[in-house]
Amino acid sequence: MATKRLKNRKKFILHNNDGYPDHYEKPKLVSVPSIKSQHFRINKVSPLTSNQKLTFEAFNRGDHLMLHGLAGTGKTFLSLFLALNELLNFKQAQEKIYIIRSVVPIRDMGFMPGNQKDKTRVYEAPYQSICNELFGRGDAYEILKQKNIIEFVSTSFVRGITLNNCYVLVDEFANCNFHELDTIITRTGRNCRLIFSGDFRQSDLTREQERSGIRKFMHIIENLSGFSYVDFQKEDIVRSKLVRDYIITKDRYETRAG
């Protein structure tokens with residue numbers, strides 16, 4: 001069955017051996033060790049728009065997600081919340097969250113002090129900010145990393161590993177070329193939940209061959225069973241009124257100019 005954009009698709013069953021050879025064991029449901037503090041609890045988040053609601057519904061069905069669309073629509077925020085909320089509050093087959101992101105401009109940071117990890121740390125700032133908001137404290141992201149609940153990985157270090165029993169959040173996927181995206185999805189093993197989020201129109205890739213590779217990957221995902229594709233539009237912009245007005249005005253200008 002192809003990737004779903006609308007409702008009423010067949011449920012994608014996560015906790016079974018459907019599609020696996022007989023020698024695979026049924027995944028064991030686990031509880032991630034809780035962080036013992038009454039001051040470390042994830043805040044409740046509710047969908048604010050129709051497409052955000054579709055995202056919640058698709059995730060709760062057990063679907064993999066492709067969240068595509070405009071800036072300010074909450075794609076990254078919802079991805080991290082949904083994975084963290086289920087990981088910390090429910091028994092499931094997943095044990096941690098990998099945040100994977102391409103570091104396209106890293107070549108321009110070659111003369112900055114520090115090792116590769118230090119140089120890529122700037123890319124973790126959005127997730128640090130989201131976790132701080134979700135938990136209402138400034139050290140939330142660092143605590144989650146120390147507890148091995150979250151791990152940030154550059155696409156440069158994905159090749160050669162197998163990702164089992166985890167959520168895989170591929171953020172800003174439009175900055176990955178086809179080879180990187182292909183590598184990520186072929187690294188996923190048993191009991192993985194994939195969430196891609198980004199906007200093709202905001203890609204930092206300059207070569208047309210690379211950009212066409214993203215379109216190719218998106219087309220494959222749209223026709224892949226087990227995925228739900230949610231396309232966020234202008235009415236889904238929730239970051240601020242300024243962001244919404246700017247994007248709408250920019251779109252009108254580009255439409256007239258084109």
note = Of the residues in region 145-165, those that are in a helix (DSSP H, G or I) and more than 23 Å from LEU65 (Cα to Cα) come to LYS145, GLN146
ask   = Name the residues in region 181-207 that are hydroxyl-bearing (Ser, Thr, Tyr) and at pLDDT 95 or above, would you?
value = SER197
key: Given (1) touching a residue at least 24 places away in the same chain (Cβ under 8 Å); (2) within 24 Å of LEU70 (Cβ to Cβ); (3) among the acidic types (Asp, Glu), number of the condition ASP245 does not satisfy   = (1)
inquiry  = I'm told GLU235 meets every condition in (1) within 17 Å of THR73 (Cβ to Cβ); (2) surrounded by 15 or more Cβ atoms within 10 Å (Cβ to Cβ); (3) among the acidic types (Asp, Glu) except one. Can you identify the failing condition by its number?
reply    = (2)
request  = Among what's in region 133-161 and is among the acidic types (Asp, Glu) and out of contact with any Lys or Arg (no Cβ under 7 Å at 6 or more places or on another chain), pick the residue that is farthest from GLU172 (Cα to Cα).
outcome  = ASP139
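The values are calculated or read from the model by the stated rules, or taken from the named source; none is laboratory data. Since the model is a prediction, treat every value here as computed from it, not as a measurement. For neighbour counting, all protein chains shown are included, and Cβ atoms are generated from backbone atoms with ideal geometry for every residue, glycine included.
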